[in-house]
Structures are given as structure tokens and as C-alpha cells.
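Reading through the C-alpha cells given below for one structure.
The values are calculated or read from the model by the stated rules, or taken from the named source; none is laboratory data. Nothing here was measured: the structure is a model prediction, and the numbers come from that model. With ideal geometry, Cβ positions are generated from the backbone for all residues, glycine too; neighbour counts draw on all protein chains shown. Side chains are part of the model used for accessible areas, which takes the heavy atoms of the whole protein and leaves out ligands, DNA and RNA. Shrake-Rupley method; radii C 1.70, N 1.55, O 1.52, S 1.80 Å.
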Amino acid sequence: MRPRYRSPVVTGQLNLPFDPIERAAERWRVHFGPSSAMAAVTSIMRAHQILLSQLDALLKPYDLTFARYEALVLLTFSRTGALPLSKIGERLMVHPTSVTNTVSRLERADLVRRLPNPRDGRGVLAEITDRGREVVRLATADLMAAGFGMTMYGEDELEQMFDLLKTLRVAAGDFEG
């Protein structure tokens, strides 16, 4: 079986003289029919690439990715500063392998420590360290100052965008709407 080719992700400014997604939608209509769903999905996927690239660049000075930052914030929000790895995966909606990898990297950076779960003899807790709390504080200030890369939108537009995407998340079963 041949390995799947993965093209490099283009995240920088393209400065094209046209919108490639709009152009694809026009061609889609000619070849396949209605294109609004395809254009919306493709736009969301491109927005994801752009935002992740910008957020990861803001977090790079802290040796964090957005995924690792999210895990630290989750631990910061927890009552005790510690959560079982399974709970981290559930709350961040990621695979257990991703949680293990994320916690391992955070542990190597002295931002979290692993502890035995006193409620489950086999389970493991990830606990944020004082250094982890400080990194979250500094990184959050940078992300907030940059508006999480969404400064081109007003507060009403951001709330509307959240509501529109919430409908998709409810339909996917993330939570009861």
C-alpha cells in the first residue's frame, strides 16, 4: 500500500487576484450542482489553517502549540489544577493518544506533572505546575491582545459565528442543544 501524499499546508498570505474557493464553487456548480455547502466547508477548513498558524506563532515563544495551550487552560480551570487524562481528552474532544502526547510534552517542559489518581489505582492525573500557571497567564495575555486572530470581526459577528457553528456541533452530538 502506497503512503498517502500530504501536500504542504499554505498558511501565509497568498495575495491572489481572486478567491480560489469562490472560483471552485463556480466550477462546482457547473459540474456537480449546488456549491454552497462545499464552499462553506472549504472556507471553514482554510480558516482553521490560518487561525492555527497565527495562534501557534503567538504561542511559539512559550514553546507551546494551541493544543498544548488548551490543555494547560483546561487544567487552570479545574478546581484542583489536576484532571485525569481521560477527562482531558473528553473535554478537549481529542483521542487518548493525543492527550498522552500533549501531557508528555508539557511534562518535559515542566508545565505539568503526572500523579497517580487517588480515586483510580490505574489512572493518571495531569496537574499544572506553578510554571505552567505562569505560562498560561503570559500566553493568554498575548492571545487576548491579538484577539485570538479574529480582530477583523466585531463582537456581534463573533457571537453569531459561534451560534452558527454551535448548531453543527450539536448535530454532531458534541452535547445536547
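Quick grid of which residues meet (1) assigned to a strand (DSSP E or B); (2) over 16 Å from Phe148 (Cβ atoms); (3) among the hydrophobic types (A, V, I, L, M, F, W, C); (4) touching an Asp or Glu at 6+ places or on another chain (Cβ under 8 Å):
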{"residue": "Ala40", "(1), (2), (3), (4)": "no, yes, yes, no"}
{"residue": "Arg46", "(1), (2), (3), (4)": "no, yes, no, no"}
{"residue": "Ile50", "(1), (2), (3), (4)": "no, no, yes, no"}
{"residue": "Tyr69", "(1), (2), (3), (4)": "no, no, no, no"}
{"residue": "Leu72", "(1), (2), (3), (4)": "no, no, yes, no"}
{"residue": "Thr76", "(1), (2), (3), (4)": "no, yes, no, no"}
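Would you call Val99 over 22 Å from Met144 (Cβ atoms), in contact with a Gly (Cβ under 7 Å, 6 or more places away or on another chain), in a helix (DSSP H, G or I) and of a type outside the set (Ser, Thr, Tyr)? So Val99 fits the description; yes. Put simply, of Arg105, Arg68 the only residue that is out of contact with any strand residue (DSSP E or B) (no Cβ under 8 Å at 6 or more places or on another chain), modelled with pLDDT of 95 or more, under 26 Å from Ile44 (Cα atoms) and of a type outside the set (Phe, Trp, Tyr) is Arg68. Among the residues of region 23-40, is any open to solvent by less than 80 Å² (accessible area, probe 1.4 Å) and touching a residue at least 60 places away in the same chain (Cβ under 8 Å)? Within region 23-40, not a single residue is open to solvent by less than 80 Å² (accessible area, probe 1.4 Å) and touching a residue at least 60 places away in the same chain (Cβ under 8 Å). No other residue among Val124, Val135 is touching a residue at least 12 places away in the same chain (Cβ under 8 Å), β-branched (Val, Ile, Thr) and under 22 Å from Leu52 (Cβ atoms) apart from Val135. Against the numbered list (1) assigned to a loop (DSSP other than H, G, I, E, B); (2) in contact (Cβ under 8 Å) with a residue 24 or more places away in the chain, Arg105 comes up short only at (1). Can you name the residue in region 115-168 that is of a type in the set (Lys, Arg) and part of a helix (DSSP H, G or I) and, of all such residues, is nearest to the chain's Cα centre (by Cα)? Across region 115-168, the extreme among qualifying residues is Lys166.
Taking region 71-84, which residues are within 15 Å of the chain's Cα centre (by Cα) and either at pLDDT below 95 or closer than 14 Å to Leu143 by Cβ (or both)? Answer for region 71-84, where residues must be within 15 Å of the chain's Cα centre (by Cα) and either at pLDDT below 95 or closer than 14 Å to Leu143 by Cβ (or both): Leu72, Val73. Checked against (1) without any contact (Cβ under 8 Å) to a residue 40 or more places away in the chain; (2) on the phi < 0 side of the Ramachandran plot, Thr76 passes all but condition (1). Among the residues examined, Arg91 qualifies as free of Cβ contacts under 8 Å to residues at least 40 places away in the same chain, outside any loop (DSSP other than H, G, I, E, B) and within 28 Å of Arg169 (Cα to Cα).
Of all residues being under 16 Å from the mean Cα position of the chain (by Cα) and under 19 Å from Thr129 (Cα atoms) in region 90-105, which is surrounded by the fewest Cβ atoms within 10 Å (Cβ to Cβ)? Just the residue, please. Among those residues, the one meeting the criterion is Asn101.
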